[in-house]
1. Run the Debye formula on the Cα coordinates of the stretch 31-177, all scatterers equal and no solvent, and tell me log10 I(q)/I(0) at q = 0.17, 0.20 1/Å.
2. Under a plain spin-label model, where a point goes 7 Å from the Cα along Cα-to-Cβ, how far apart in nm are Arg95 and Asp77?
3. Jot down the radius of gyration and Dmax of the stretch 55-107, Cα atoms only, both in angstrom.
4. Which value in nm describes the separation of the simple spin-label points at Ala156 and Ile103, placed 7 Å from the Cα toward the beta carbon?
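Read-outs throughout are calculated quantities, based only on the coordinates presented, and are distinct from any laboratory measurement. Everything numeric in this text was worked out from a predicted model, so none of it was measured. Cβ placement follows ideal geometry from the backbone for every residue including glycine, while neighbour counts extend to all protein chains displayed.
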Amino acid sequence: MTTRDEPAWAKRGGPVTRAARRLPEGSLPSWAWIRPQALAAIRDGSRVLVQDYAATGGPPAYRPLGGAVDHGELAEDAAVREIREELGADITDLRLLGVLENIYSNDEKDWHEIVFMFEARFVDASLEAADRLVGVEGDGDRIEAVWLDVSEPLDARLYPPGLLELLRARPAAVAADD
């Protein structure tokens with residue numbers, strides 16, 4: 001089977017094994033449609049680097065960068081790999097911020113994600129000075145990432161649901177630890 005012949009679910013980076021790629025679309029068990037994701041909220045104070053979907057023709061929405069956890073890969077390693085693949089940059093100081101669940105419909109399909117949400121910083125701190133970073137998704141689609149100040153009201157939705165609350169609670173948690 002060539003890449004072009006793969007069903008849509010295989011192209012999306014879901015939990016697909018070599019054997020599952022040969023199955024006809026719709027023949028996977030329901031649990032296989034739950035996709036583990038690892039996202040990295042790269043932080044600079046109250047700013048978080050997020051993908052700006054509207055900048056590349058999508059709906060007005062934001063989401064931290066990252067993607068699917070591959071079979072046999074730890075979520076933390078997936079977050080590091082995804083940022084390296086998408087932006088060509090390395091991150092450090094990863095800390096699990098929380099685990100979120102996201103159930104939504106897109107492309108006339110229902111999706112279910114378990115999102116390991118990490119916070120991190122760039123190894124190269126000079127990247128924090130850029131207003132906008134441009135990268136590439138694994139499928140070749142262009143990514144534009146911007147710094148979003150989560151202490152201010154947002155002009156579009158931030159995904160996954162519950163992330164804004166996690167990000168806003170984090171500074172309070174740090175202060176409580178001091």
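1. Cα-only, vacuum Debye calculation for the stretch 31-177: -0.98, -1.42.
2. Once both label points are built, they end up 2.4 nm from each other.
3. Computed over the Cα atoms of the stretch 55-107, radius of gyration and Dmax are 13.1, 35 Å.
4. 2.7
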